[in-house]
1. Using a 1.4 angstrom probe and counting only protein chains, how large is the accessible area of Asp146 in Å², to 10?
2. Can you give the translational diffusion coefficient of the range 40-100 in µm²/s, computed by Stokes-Einstein from the Kirkwood radius over Cα pairs at 10 °C and 1.306 mPa s?
3. Just add up the charged neighbours of Pro170: K/R +1, D/E -1, any other residue whose Cβ is under 14 Å from the Cβ of Pro170.
4. Could you sort the peptides 34-45, 116-127 by per-residue average Cβ neighbour count (10 Å cutoff), highest mean leading?
5. By the scheme Lys and Arg +1, Asp and Glu -1, what is the net charge of all other residues having a beta-carbon under 9 Å from that of Glu123?
Amino acid sequence: MSRKVISADIVVLQKSSFQGENMDFSNPIFIWAVIGVVLMLAEIIIPGGIVILLGGASLVVASALAVGLVEGIVQALTLWFITSIVLLLSFRRVTQKLVGGDAHVDDTDEELAIFNQIALVKEAIGPAQKQGRVEFQGTEWSALGDGTEIAAGTQVKIICRENIALVVEPYKGS
């Protein structure tokens, strides 16, 4: 019987040691600080310089709660949103330089990309406005000629694109 009492006392002592003010997991200061640290550590997994700034804003809110400048969830969230926007607008360029990124400009004019390229006639084109088929970059396209008949198997040069058909002429290269 004394054995049960001793074990019950141990359980009571263990419970009371975790209910102290230092280990209160429902404390908003603790919650905001943990969110801030987790977001800052998440920057390692999700690089880009944004998540670390959101974590910094969370730490600012935790500090404001600790000092007593902010009380309640509405004020804390408002401060977090405002601080996040200010940090993002202020430090985005700095973090972008540190983290880097994929910044390149592609040619967005498809007309220029296919101009003067070589294609192979798959189905005879012409005479006049009779459409045929050409293979270009592994895909078959409808094709219009210059009015003359272009036989299958002939190499052609792409002049331009008209809607979904390529306009071609016989290739006079080497």
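1. Surface accessible to solvent at Asp146 totals approximately 90 Å².
2. 132 µm²/s
3. Its environment carries a net charge of -1.
4. On the way: 34-45: 14.7, 116-127: 16.8.
Descending mean neighbour count gives 116-127, 34-45.
5. Summing Lys and Arg as +1 and Asp and Glu as -1 gives +1.
The values are calculated or read from the model by the stated rules, or taken from the named source; none is laboratory data. This one's a predicted model, so the numbers in the text were calculated from it and none came from an experiment. Note that each Cβ is placed from the backbone with ideal geometry, even for glycine, and that neighbours are counted across all protein chains shown. What goes into the accessible areas is simple: the full protein's heavy atoms, side chains included, and nothing from ligands, DNA or RNA. Shrake-Rupley method; radii C 1.70, N 1.55, O 1.52, S 1.80 Å.
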